[in-house]
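What follows draws every value from the coordinates through simple rules; no lab data is involved. Computed from a prediction, not measured in an experiment: that's the story for all the values here. Reconstructed Cβ throughout: ideal geometry from the backbone, glycine too, with neighbour counts over all protein chains shown.
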Amino acid sequence: PQRVYVSFGISSPSDPKSFAIPPNDPNWESPPAEVTFTDDVDLVWMFPHMHVRGKDMTYRLVYPDGTSETVLSVPHYDFNWQLGYDLARPVHVPKGTRLVVTAHYDNSVNNKFNPDPTKTVYYGDMTWEEMMFPFFSVVVDKGADPKGLIRIERGRQSNGA
C-alpha cells in the first residue's frame, strides 16, 4: 500500500495538580491535550474517552495560518455509549497544525452516574476516577515515521503509536 493507517492515544496533563475535579463542580474544564503534527496527514477517525463524570469533548485543529476548525464536538458524552467517529471525508492536516482537545466534567449531584460528588476526583484508570483520553487515527504516506508524526505540546501520549 502507498499509505498507512496510524492510531494515537493522547491525554491531558494527568498530574494531581493539573487534573483535580473539585467536589460539586457541574462544569469543570480539564487542561487541554495538545499535539502538533510534524508531517502532512489525513485525519480519518476520532474516539473521545472519559469516565462517568465526562460531559463533553471537542477536537479542534489550529492550522499554521492561525485559522481553526472544530472537527468533532460531542456535547453529550455518555460513558455507556462510547463511540468512534469515522469521518465521511478525511480532513487534510498540513504539517505544523495543532490538534487541541478540550473536555468538561460534571462532578455534581446532577450527574446520576457520579459515585460521590463530595470528593475531589483525580486522573486514573479506574471508572470511579477520571480520564481525558482522546484517541485519533490518521493516514500517511508509507514512508512516514509513525512515531514521529506528532509532537506533544501539552499532556502525554500513550504507549503505542
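How large is log10 I(q)/I(0) at q = 0.16 Å⁻¹ when the Debye formula is applied to the Cα atoms of the stretch 1-44, each weighted equally and without solvent? Evaluating at q = 0.16 Å⁻¹ gives log10 I(q)/I(0) of -0.64.
Projecting label points 7 angstrom from Cα along Cα→Cβ for Glu153 and Asp40 puts them 2.1 nm apart. Net charge near Val91: determine it from the other residues with C-beta under 13 Å of the C-beta of Val91, scoring Lys and Arg +1 and Asp and Glu -1. Net of charged neighbours comes to -2. Summing Lys, Arg as +1 and Asp, Glu as -1, what charge do residues with Cβ under 12 Å from the Cβ of Ser11 carry, Ser11 excluded? Neighbour charge sum, excluding Ser11 itself: -2.
Only one residue of Ser7, Val101, Phe79 has its Cα farthest out toward the positive end of the dipole of the chain, where Lys and Arg carry +1 and Asp and Glu -1 on Cβ, and that residue is Ser7. Site pair Asn111 and Glu129 shows an inter-label distance of 1.6 nm when each label is modelled 7 Å from Cα along Cα→Cβ. State whether the stretch 94-137 is rounded, prolate or oblate according to the following rule on the C-alpha gyration tensor (a ≥ b ≥ c being the square roots of its eigenvalues): a/c under 1.5 gives rounded; otherwise a/b larger than b/c gives prolate, and the remaining case gives oblate. Judged from the Cα gyration tensor, the stretch 94-137 comes out prolate (a/c at least 1.5, a/b above b/c). Centre-to-centre, using Cα atoms only, the stretch 2-32 and the stretch 39-86 are separated by 12 Å.
Using Cβ point charges alone (K and R +1, D and E -1), the dipole size of the stretch 26-143 about the Cα centre works out to roughly 140 debye.
A straight chain from Ser73 to Tyr122 at 0.36 nm per residue would run longer than the Cα-Cα distance by 15.3 nm. Cross-chain or 8 or more residues apart, Cα under 26 Å: how many lysine pairs in the chain fit that? Count them up, please. Lysine pairs meeting the criterion: 6. Its relative contact order, with pairs defined as Cα atoms under 8 Å and 6+ residues apart, puts the chain at 44 percent.
In this structure, Ala20 and Asp65 have a Cβ-Cβ separation that, at R0 = 35 Å, corresponds to a calculated FRET efficiency of about 0.45. Which translational diffusion coefficient, to the nearest whole µm²/s, is obtained for the stretch 21-139 from the Stokes-Einstein equation, given a Kirkwood hydrodynamic radius over C-alpha pairs, 25 °C and 0.890 mPa s? Rounded to a whole number, D works out at 163 µm²/s.
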